[in-house]
1. Check whether at least one residue in region 77-96 is within 30 Å of Asn17 (Cα to Cα) and of a type in the set (Val, Ile, Thr), and report yes or no.
2. Among the residues of region 55-114, write down those that are touching a Lys or Arg at 6+ places or on another chain (Cβ under 7 Å) and surrounded by 11 or more Cβ atoms within 10 Å (Cβ to Cβ).
3. Starting from region 18-44, keep only residues that are closer than 14 Å to Ile8 by Cβ and modelled with pLDDT of 95 or more, then list their pairs with residues that are surrounded by 11 or more Cβ atoms within 10 Å (Cβ to Cβ) and of a type in the set (Ser, Thr, Tyr) whose Cβ atoms are within a distance under 6 Å, requiring at least 6 positions of separation or different chains.
4. Taking into account only those residues within region 75-114 that are more than 20 Å from the chain's Cα centre (by Cα), polar (S, T, N, Q) and assigned to a helix (DSSP H, G or I), which is modelled with the highest pLDDT?
5. For region 2-21, does any single residue satisfy the condition of being small (Gly, Ala, Ser) and under 18 Å from Ile55 (Cβ atoms)?
6. Quick check on my filter: what residues within region 16-37 are of a type outside the set (Ser, Thr, Tyr), surrounded by 10 or more Cβ atoms within 10 Å (Cβ to Cβ) and assigned to a loop (DSSP other than H, G, I, E, B)?
Amino acid sequence: MSKEAEIIFKVRLDEENIPESIYWDATDSDIDGLKACSAMLISIWDHERKNSLSIDLWTKEMTVEEINIHYFQTIVGLAETYRRATNNEEIADMIKRFGSEFAGRAIEESSDTK
């Protein structure tokens, strides 16, 4: 049995086309209605062109600390997704180690600017 699902993003932009707010909804979500978020990273694979398309947006209120956390969690998530998709433990662990190194460096640089 096949099924369709839909994901919707709504982005409110300021006069300079910088996101002020981002909302999303999905037909399979447990929570009804639009949900606010501060950032989104979407990567789409075009099979015909063998090319990735990325949509990366964040609101101007998002802090560097929040961006660092978001990227760290995204990198760790990519490692797990890669592991499930390829069964390649070695590369997945390499991606996860990079995420840990990234987090350590981001925290270190964040401490230096305070």
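1. no
2. Val76, Ala79, Ala92
3. Taking only residues 6 or more apart or on different chains, the pairs are Leu34/Tyr23; Ala36/Tyr23.
4. The extreme case among them is Thr86.
5. Yes, some residue in region 2-21 is small (Gly, Ala, Ser) and under 18 Å from Ile55 (Cβ atoms).
6. Ile18, Leu34
The values are calculated or read from the model by the stated rules, or taken from the named source; none is laboratory data. Just so it is clear, the model here is predicted, and its values are computed rather than measured. Glycine gets a Cβ as well: all are built from the backbone with ideal geometry, and neighbour counts include every protein chain shown.
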